[in-house]
Amino acid sequence: MSGYLESQLIILCLSIIYAYGIFLPAASGQLNLGAAGFITLGAYASGWFNLSDGLGVSMPLSVVMAMLFTGAISFAIAFPILRTRGVYMVLATFAFAEVVSGLTINMEFLGAAAGMPVDDHAAVEIVVIAAIGVTLFSFYFMSTRLGLALRSIHDDESVSVLFGVNVRLAKVAAFTVGGMLMGLGGAMYGHHYNYIEAQAFNVLLSIYILLYVLLGGTQTAWGPLVGAIFFTVVPELIRNLAIEIGSDWLADSRFIFFGAFIVLMMVIRPEGVVTRTMQDRVASALAGRRKDTGETE
Amino acid sequence: MSDNVLNITGIQKNFGGLKVIDDVSMDVRRGSRTALIGPNGAGKTTVFNLLTGVYPIDQGSIVLDGMEISQIPSQDRVIHGMSRSFQNIRLMPHLSTIENVMLGQHARARSLGNLMFPLGMLSKNKWRQEAEDALHNAGIGSYPGEVVANLPYGVQKRIEVVRALVSRPKLLLLDEPAAGLNEVETRQLQELLEQVSQSGVTILVVEHDMHFVRNLCDHVVVLNFGQKIFEGTPEEVHQNPAVLEAYLGREDSQPAKETSDAS
């Protein structure tokens, strides 16, 4: 695999992991704009646990510990943050990410503004396996009764309560598990590039990840996958097209087209690219075709 | 086991200075089909909201099958055997029929093992099978591949009843189940409710359609301005002057008022 494709594949895999971390709470209607904060926590935690000057544990262990660490922080902040709703939750999670960023950049033992080198290297294969694992886990998670409860909360919280759903517990669980996934994503980032700096995880990253999820669709587990692939691949395709036809102008202004496309998608499919109805129609069409071929054989 | 599945004693609810429910007491006999009727704004839906814990009561007590439930959190009351439908359809629009019904099972499946059970991945499992059977028994298809938002109104109304039933309630609260249904749909609903009643579930229904109430119910409680004004059989309701006055106004005062205006 060429270096270019490999680097794009890594970005895609990391985006998918991050997107599922934001998706799980978003499935119950919680908008989390703090992705960068959770990714920072995971990256620095795993890096420091792995570092010979830190705890010096092996990489697999440091990654698991980083997930637990990020999960614990997510759990702790879930209680105050989940008291807020809608745009206020967006602001609260954004503030959390800023706090994490500000703290990290001022901690000398984490390298402060100069960043931190990470010892052990995670090869491409490991990052790909992590992304596949996170995707499969998220499909499983959404198919459970807890997943059903989260989708019910998204539609009508007060009715969910009357049918016995512990809304607070379900939301905290989704937020915490989402935080753990982003911790894993951050750890993968650190171990793949072997260098982390807090400035790399900025608010733009948080915005992008939330956009992946919202444009992909929050109703099914396909949404974040489609959103992440779309956001990673399409700008690159436009860039390659620009190189192909030799247009510097297109290469420079590709994000104008991309931005216009996002606005268009929001108008055409306000509930996301993949909706529940669309998934069912595709599934029944596939099942129908399978039956047809079965009969002709 | 007491004869009553529900005892409401002296409940009161104020919204600010407004007494919405004023010292209402009523019992619902086990196995009965009781109707709660009254003019618009009488407080019928508020009674349901107080029973299910949407609002706390200010005074009085609610005893469900021998257990005081007025201090129990809303999300836990359904476990003690009471579930409801809603005046305006409150199905989850983005879920399929089966998923909506499976939400009704939630109160019976709150252990960690059940919460993490992959309902959606296994095409055959006991919860899904039970939901399909419940729909089938109610004469509704499972409409695979459709979110409920796309289904006809009458079907959605009945799905709400099925969703409430799969929580296995002792007392089923129905808030205007026949509102907006045509004659055929109303008859289908009535058949479903009679079947439910025969299976031993007690029904408490808020309804405006008096024809429906006469056909279905054996006991009627009438509310007006948050107070209970009458309790008896459906036949007696039509004879009672207080009820007629609540609905139609006083008959003899009307001409008298007109003549006094004229003079």
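The values are calculated or read from the model by the stated rules, or taken from the named source; none is laboratory data. Please read these numbers as outputs of a predicted model, since none were measured by experiment. No Cβ is skipped: glycine too gets one built from the backbone with ideal geometry, and neighbour counts run over all protein chains shown.
A compact table of results
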item: A:Ala123 being more than 28 Å from B:Gln105 (Cβ to Cβ), of a type in the set (Gly, Ala, Ser) and touching a helix residue (DSSP H, G or I) at 6+ places or on another chain (Cβ under 9 Å); result: yes
item: Within the range B:196-212, considering residues that are touching a residue at least 40 places away in the same chain (Cβ under 8 Å) and over 13 Å from the mean Cα position of the chain (by Cα), the one surrounded by the fewest Cβ atoms within 10 Å (Cβ to Cβ); result: B:Gly200
item: Residue ID - nearest to B:Leu223 (Cα to Cα), chosen from residues in the range B:1-21 that are surrounded by fewer than 17 Cβ atoms within 10 Å (Cβ to Cβ) and in contact (Cβ under 8 Å) with a residue 60 or more places away in the chain; result: B:Lys19
item: Meets criteria (more than 14 Å from every other protein chain (Cβ to nearest Cβ), surrounded by 14 or more Cβ atoms within 10 Å (Cβ to Cβ), at pLDDT 85 or above and over 22 Å from A:Gln8 (Cα atoms)) for A:Val203; result: no
item: Extreme residue, farthest from B:Val63 (Cα to Cα), among residues of the range B:87-104 that are at the interface with chain A (Cβ under 7 Å from one of its Cβ atoms) and part of a loop (DSSP other than H, G, I, E, B); result: B:His94
item: Helices (runs of 4 or more DSSP H) completely within the range A:139-195 that count 2 or more residues being out of contact with any Phe, Trp or Tyr (no Cβ under 6 Å at 6 or more places or on another chain), touching a residue at least 24 places away in the same chain (Cβ under 8 Å) and more than 14 Å from every other protein chain (Cβ to nearest Cβ); result: A:167-193
item: Selected residue (criterion: farthest from the other protein chains (Cβ to nearest Cβ)) from residues of the range A:119-136 that are buried (at least 17 other Cβ atoms within 10 Å of the Cβ) and within 30 Å of B:Lys124 (Cβ to Cβ); result: A:Val134
item: Members of the range B:163-207 found to be touching a Ser or Thr at 6+ places or on another chain (Cβ under 9 Å) and among the hydrophobic types (A, V, I, L, M, F, W, C), listed by number; result: B:Ala164, B:Leu165, B:Val166, B:Leu171, B:Leu172, B:Leu173, B:Leu174, B:Ala178, B:Ile203, B:Leu204, B:Val205, B:Val206
item: Residue in the range A:31-42 that is in contact with a helix residue (DSSP H, G or I) (Cβ under 8 Å, 6 or more places away or on another chain) and more than 16 Å from A:Met180 (Cα to Cα) present; result: yes
item: Verdict on A:Met89 being touching a helix residue (DSSP H, G or I) at 6+ places or on another chain (Cβ under 8 Å) and over 23 Å from A:Tyr189 (Cα atoms); result: yes
item: Residues (away from chain A (no Cβ under 14 Å), part of a helix (DSSP H, G or I) and surrounded by fewer than 15 Cβ atoms within 10 Å (Cβ to Cβ)) located in the range B:110-168; result: B:Gln129, B:Asp133, B:His136, B:Asn137, B:Tyr153
item: Test for A:Leu91: is it more than 29 Å from A:Leu12 (Cβ to Cβ) and touching a Lys or Arg at 6+ places or on another chain (Cβ under 6 Å); result: no
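Condition check ((1) closer than 19 Å to A:Pro224 by Cβ; (2) assigned to a helix (DSSP H, G or I)) across all residues:
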site	(1), (2)
A:Leu237	no, yes
A:Asn240	no, yes
A:Ile243	no, yes
A:Ala251	no, yes
A:Phe257	no, yes
A:Ile262	yes, yes
A:Val267	no, yes
A:Gly272	yes, no
